[in-house]
Amino acid sequence: MKTLLYSLAFSLLFMAACNNSNTKTPSTSDSSKNKTTPSNAIAKGTPMASLLESYLKLKNAFTSDNDKDAAAAGNEMVKAFASFDKSSLTSAQSKTYADIQDDAKEHAEHIGANAGNITHQREHFDMLSKDMYDLVKLLGAGQPLYVDHCPMYNNNKGAIWLSEVKDIKNPYLGKAMPTCGTVKEELK
């Protein structure tokens with residue numbers, strides 16, 4: 001009898017948890033907002049605007065297995081780091097930004113210099129995505145972003161990326177498995 005009661009209680013909790021996650025799904029009118037292009041999705045005038053714009057171009061190039069567009073976006077990102085205006089940052093933000101920026105810029109440079117080797121570009125995109133996540137947490141994005149996770153990338157070690165849309169468009173597996181992954185977090 002106790003087993004039956006525990007099973008029933010567990011089933012009810014499981015169903016409640018599943019129903020709870022469904023309340024986070026956007027309505028039809030909300031999902032039309034998520035279908036924006038990277039260039040018009042970013043709140044202009046925010047410190048992160050040009051970095052996010054080039055990062056999202058990079059991510060979108062990888063979703064379609066386009067190493068040349070990825071290289072161009074990587075080079076664009078290097079320029080965005082070079083022209084980043086730190087004047088509005090606090091001293092603590094400026095120090096943290098500088099630490100992250102050195103690493104992120106190096107990954108963007110590698111992506112830009114390796115057209116024709118999308119596997120190597122994606123390895124650097126993995127690390128760049130972690131850096132961009134840290135920058136968005138530090139400075140904000142000025143728009144909703146989704147932290148997506150691919151469990152299969154890198155021999156099932158997994159990897160994250162930032163996306164401007166809630167729909168999964170996997171940059172690590174590209175056209176081979178475009179919808180592999182889950183949304184792990186929403187950043188605002």
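The values are calculated or read from the model by the stated rules, or taken from the named source; none is laboratory data. All values derive from a computational prediction rather than experimental measurement. All Cβ positions, even for glycine, are placed from backbone atoms using ideal geometry, and neighbour counts span all protein chains on display. Note: accessible area is taken over every heavy atom of the protein model, side chains too, but ligands, DNA and RNA are not part of it. Shrake-Rupley method; radii C 1.70, N 1.55, O 1.52, S 1.80 Å.
Brief remarks on what is shown
- Qualifying GluC sites (Glu not before Pro) in the stretch 83-176, DSSP loop, other Cβ atoms within 10 Å at most 10: none
- In the stretch 34-188 the Cα-Cα distances spread across 5 Å bins starting at 0 as 2, 10, 21, 24, 22, 14, 6, 2, 0 percent of all pairs.
- Sequence-distant residues sharing a close amide H with residue 48 (under 5 Å, placed H): none
- Cross-link pairs exceeding 19 Å in C-alpha to C-alpha distance, out of 57/86; 95/188; 79/157; 95/137; 79/188, comprise 57/86; 95/188; 79/157; 79/188.
- Per residue, the stretch 48-187 exposes 44 Å² of accessible surface when a 1.4 Å probe is rolled over the protein heavy atoms with every protein chain present.
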